[in-house]
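What follows is one structure encoded as structure tokens, with my remarks underneath.
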Amino acid sequence: MLTAQRQQLIKDELSSQGRVYARDLAQRFGLSEDTLRRDLRKLAAAGICQRVYGGAVAPDAGPLHQRHQHLSDEKQRLAAAAVQLITPGQTILIDAGSTNTAIARALPADMDLTLITNAPDIATIVAGRGDMRLIVLGGVFDPQTGACMGPTTRAEVASLRADLFFLGSCGVSAAQGVTAFDAETAALKQAMHAASDQVVIVATSDKLGTAAPFRVLPAADIATLVIGEDAPGAAALAALGVPCVTAL
């Protein structure tokens, strides 16, 4: 099989499944894992995927409207399950991310909530609601993540307190915990975690069982993990004692 053909098959699987594993690809193509890792490095350099431990995932970058379309039905189901964890009167912190945007859209009415976010698109969704107090964190806006980030954002979040923190994860695994693709993102998520009583992670299937390069927090710090049915890697996380909620 020609390299171009092989890489096209990898791109097709990334598009349909959201992730690939170097070991599985090597077995399928009858090639060494080193060869497949080289393929994944080339695809990552071209912006087609992002490398994670053991393989690669579909890129969590580009315009927000494109990320919202990726696994959109699954995100809506997960969001509907996630908002059931909220109780009236709480202060909730919602991190940036397309899954968390779906959570913002699913927030129930008349619960007297205070919402803190660093994501302008999430703020826009709830801005017109009269049943919610909105606090928008400042900082430098990053169009790739859709988030305000940097020292200003970290300082502002450190002065606040949240009951629940919906953390946008780049990867979640039993061995590596919650991870991010860059140091700045990881630092902000850690600051948000420190300012919150409980962290909730709502993870699409392409994020589970994967690990990005920068650690945010260990799996044991997750108060609740919201996942889909037959989610890969969920059993290992549950074995660590991570409470899991399955969205039907």
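If you take the residues in the stretch 212-248 that are part of a loop (DSSP other than H, G, I, E, B) and acidic (Asp, Glu), which one is least open to solvent (accessible area, probe 1.4 Å)? Only one residue tops the list, namely Glu229. Taken together, the residues in the stretch 1-36 that are open to solvent by less than 60 Å² (accessible area, probe 1.4 Å) and aromatic (Phe, Trp, Tyr) amount to 1.
Results for (1) outside the structural domain of Phe166 (by TED's automatic domain parsing); (2) at pLDDT 85 or above, shown as yes or no for each residue.
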{"residue": "Leu31", "(1), (2)": "yes, yes"}
{"residue": "Gly47", "(1), (2)": "yes, no"}
{"residue": "Gln66", "(1), (2)": "yes, no"}
{"residue": "Arg105", "(1), (2)": "no, yes"}
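Scanning the stretch 176-192 for residues being out of contact with any Cys (no Cβ under 7 Å at 6 or more places or on another chain), surrounded by fewer than 23 Cβ atoms within 10 Å (Cβ to Cβ) and of a type in the set (A, V, I, L, M, F, W, C) gives a total of 4. Within the stretch 83-116, take every residue that is among the hydroxyl-bearing types (Ser, Thr, Tyr) and open to solvent by 10 Å² or more (accessible area, probe 1.4 Å) and give me the one that is farthest from Met149 (Cα to Cα). It comes out as Thr87.
Taken over the stretch 144-191, the criterion of being in contact with a helix residue (DSSP H, G or I) (Cβ under 8 Å, 6 or more places away or on another chain) and among the charged types (D, E, K, R) is satisfied by Arg154 alone. Within the stretch 2-29, the residues that satisfy the criterion of being among the β-branched types (Val, Ile, Thr) and at pLDDT below 90 are Thr3, Val20. Of all residues in the stretch 121-137, those that are within 23 Å of Ile201 (Cα to Cα) and either part of a loop (DSSP other than H, G, I, E, B) or open to solvent by 50 Å² or more (accessible area, probe 1.4 Å) (or both) total 6. Does Pro232 satisfy being in contact with a strand residue (DSSP E or B) (Cβ under 6 Å, 6 or more places away or on another chain), farther than 15 Å from Thr99 by Cβ and at pLDDT below 95? In short, yes. Screening Thr179 against (1) modelled with pLDDT under 90; (2) touching a Phe, Trp or Tyr at 6+ places or on another chain (Cβ under 8 Å) leaves a single unmet condition, (1).
The listed residues are Ala102, Ala127, and the only one of them that is among the aliphatic types (A, V, I, L, M) and more than 22 Å from Thr210 (Cβ to Cβ) turns out to be Ala127.
Tell me, yes or no, whether the stretch 182-189 has at least one residue that is in contact with a Phe, Trp or Tyr (Cβ under 8 Å, 6 or more places away or on another chain) and small (Gly, Ala, Ser). Scanning the stretch 182-189, I find at least one residue that is in contact with a Phe, Trp or Tyr (Cβ under 8 Å, 6 or more places away or on another chain) and small (Gly, Ala, Ser), so the answer is yes. Condition check for Asp206 on (1) in contact with a Lys or Arg (Cβ under 9 Å, 6 or more places away or on another chain); (2) over 27 Å from Gly138 (Cα atoms); (3) of a type outside the set (Ser, Thr, Tyr); (4) part of a helix (DSSP H, G or I): one failure, at (4).
Within the stretch 143-175, the set of residues being open to solvent by 70 Å² or more (accessible area, probe 1.4 Å) and either more than 30 Å from Gly89 (Cβ to Cβ) or part of a strand (DSSP E or B) (or both) comprises Pro143, Gln144, Pro151, Ala175.
The values are calculated or read from the model by the stated rules, or taken from the named source; none is laboratory data. This one's a predicted model, so the numbers in the text were calculated from it and none came from an experiment. Using ideal geometry, Cβ is built from the backbone for each residue, glycine included, and neighbour counts are taken over all protein chains shown. What goes into the accessible areas is simple: the full protein's heavy atoms, side chains included, and nothing from ligands, DNA or RNA. Shrake-Rupley method; radii C 1.70, N 1.55, O 1.52, S 1.80 Å.
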